[in-house]
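The values are calculated or read from the model by the stated rules, or taken from the named source; none is laboratory data. Worth saying up front: this structure is predicted, and the values here are computed from it rather than measured. Cβ: placed from backbone, ideal geometry, glycine included. Neighbour counts: every protein chain shown. We work out accessible area using only protein heavy atoms, side chains counted, and drop any ligands, DNA or RNA first. Shrake-Rupley method; radii C 1.70, N 1.55, O 1.52, S 1.80 Å.
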Amino acid sequence: MLVLGIDTSCDETAAAVVRDGCLAVSNVVSSQVPLHRRFGGVVPEIACRAHAENISRVIARALDDAGTPASGLDGVAVTNRPGLIGALLVGVSAGKAMALGNDLPLVGVNHVEAHIFASALSGKDPVLPAVALVVSGGHTTLFLVKGVGELAELGRTIDDAAGEAFDKASAMLGLGYPGGPAIEEAGRDGNPAAVPFKRPYLAPDSLDFSFSGLKTALLYHSRGQSKRGRRGDLLPGVSVPDAAASFQETVVDVLVRKTFLAVRQTGVPRVILGGGVAANTRLREKMIAQATRRGVSLTIPDKPLCTDNAAMVAAVGCRLLAGGVRDPLSLDAHSRMTG
Amino acid sequence: MSTLQADRVSIETGSTEETIRVGARLGEALRGGEFLALTGDLGAGKTHFVKGVAAGLDIDPKSVTSPTFLLIHNLDGRLPLVHMDAYRLKSGEELAEAGAADLQDGESVLVLEWAGNVPDFVPSDAL
């Protein structure tokens with residue numbers, strides 16, 4: 001089965017062709033990051049406009065790279081939730097046009113679920129049920145995954161997402177965007193134990209996350225508590241590498257501890273990691289170490305498949321289509337995951 | 001709201017819990033149609049204040065998370081709460097385009113974090 005995947009949920013305009021849900025025969029991501037870097041974040045109006053300008057070209061390129069005409073496809077899968085509505089609608093409209101114009105079945109895909117199944121494209125088809133941690137700029141959520149379309153939420157952030165915390169920490173330390181790679185790079189030669197940030201674990205048995213207080217702790221550490229100090233330069237004696245490494249270590253410790261707490265609570269000895277922050281080297285190292293120590297199977301997508309892409313959308317779409325799921329041409333976009 | 005007759009009221013809070021309590025007192029007094037414009041640096045407590053406002057509107061404070069990424073969160077309580085965030089924005093036009101303009105229906109309570117980024121979107125009678 002040959003499925004075209006389309007994703008425009010946030011930064012990237014992406015299209016890909018995937019065979020049998022596990023082999024990306026093409027994977028085109030037209031990154032908008034250089035466009036956003038000036039603003040220190042995703043600017044939705046620019047995102048919507050750029051998606052509209054890119055989408056036809058990106059789809060044509062994905063088909064061309066795959067060496068197939070649209071008539072050779074067996075279906076179209078498009079992200080229709082969650083994300084910026086204006087941005088999602090560009091992809092959903094393009095998906096409908098491809099389906100209608102080539103008489104193909106259409107299916108809407110949950111972007112977060114696509115992150116969970118991204119590892120299928122690295123030759124590591126996830127064994128289910130499994131505990132999944134999706135961690136990105138907009139999400140930090142633990143799920144119990146029983147099957148495609150069968151996600152039960154176990155816990156999630158009660159304030160900031162981990163990727164958002166990285167972005168804001170990076171801004172505080174005068175580093176770049178996106179914040180995750182900038183913090184990782186800046187902290188490479190830093191001491192992760194230099195700044196003893198309190199690990200925000202919430203209640204002992206809680207699977208929820210909170211990174212807002214950690215963000216404030218980094219602010220006070222790097223710029224002091226006085227209002228005037230906060231607007232000015234870094235405090236004298238603050239080491240950016242140490243602060244970056246310590247901040248990253250704290251976020252990673254919390255993500256790892258909660259994930260394996262979920263394993264213990266559910267009794268499911270399998271973990272899937274997904275989302276842009278899953279590309280973080282320290283997170284991968286510590287997850288692998290914990291999984292090995294506890295005899296838990298761990299599935300992580302290859303780094304390029306962690307960040308937003310359309311191949312993972314096609315991978316989920318293929319499973320849905322194979323299960324007989326079809327969406328009408330009235331398919332709607334939703335900003336939140338449910339609905 | 002009789003205690004808020006003056007043009008300016010200044011309340012300093014010493015902890016996250018206090019910030020939430022002040023937000024809750026305000027939330028309890030809201031009748032719908034209000035626009036709350038929040039300013040303050042990273043870590044000032046804006047989202048925690050909104051958790052309090054939500055509690056005052058009979059909304060689970062846990063469901064209030066940072067809207068920085070998605071820009072607009074809609075929550076339903078005693079009154080609908082529209083929780084917006086302009087951290088990533090440069091003009092109110094962008095927020096309007098993201099759908100915020102459709103939400104000023106006179107019944108919903110609108111709360112905007114990082115209001116200083118989009119002064120053109122903040123009505124003159126905002127709190």
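On the given criteria, is residue A:251 crowded, with 23+ Cβ neighbours inside 10 Å and either away from every other protein chain (no Cβ under 11 Å) or part of a helix (DSSP H, G or I) (or both)? Taking the combined requirement at face value, the residue satisfies it. For residue B:50, the requirement of being in a strand (DSSP E or B) and under 26 Å from residue A:166 (Cβ atoms) is not met.
Within the stretch A:178-202, the set of residues being more than 20 Å from residue A:159 (Cβ to Cβ) and open to solvent by less than 40 Å² (accessible area, probe 1.4 Å) comprises A:182, A:184, A:186, A:187, A:190, A:195. Is it fair to say residue B:90 is open to solvent by 10 Å² or more (accessible area, probe 1.4 Å), within 13 Å of another protein chain (Cβ to nearest Cβ) and farther than 19 Å from residue A:210 by Cα? Answer is yes for this residue. Taken over the stretch A:143-177, the criterion of being within 14 Å of another protein chain (Cβ to nearest Cβ), of a type in the set (Lys, Arg) and either over 19 Å from the mean Cα position of the chain (by Cα) or open to solvent by 50 Å² or more (accessible area, probe 1.4 Å) (or both) is satisfied by A:156 alone. In the stretch A:307-336, the qualifying residues are those that are within 14 Å of chain B (Cβ to nearest Cβ) and in contact with a helix residue (DSSP H, G or I) (Cβ under 6 Å, 6 or more places away or on another chain), and the one that is modelled with the lowest pLDDT is A:335. Restricted to the stretch A:257-278, and to residues there that are surrounded by fewer than 21 Cβ atoms within 10 Å (Cβ to Cβ) and in contact with a helix residue (DSSP H, G or I) (Cβ under 7 Å, 6 or more places away or on another chain), the residue that is nearest to residue A:182 (Cα to Cα) is A:260. Can you find a residue that is more than 21 Å from residue A:24 (Cβ to Cβ) and either touching a residue at least 24 places away in the same chain (Cβ under 8 Å) or surrounded by 18 or more Cβ atoms within 10 Å (Cβ to Cβ) (or both) anywhere in the stretch A:108-126? No, because not a single residue in the stretch A:108-126 is more than 21 Å from residue A:24 (Cβ to Cβ) and either touching a residue at least 24 places away in the same chain (Cβ under 8 Å) or surrounded by 18 or more Cβ atoms within 10 Å (Cβ to Cβ) (or both).
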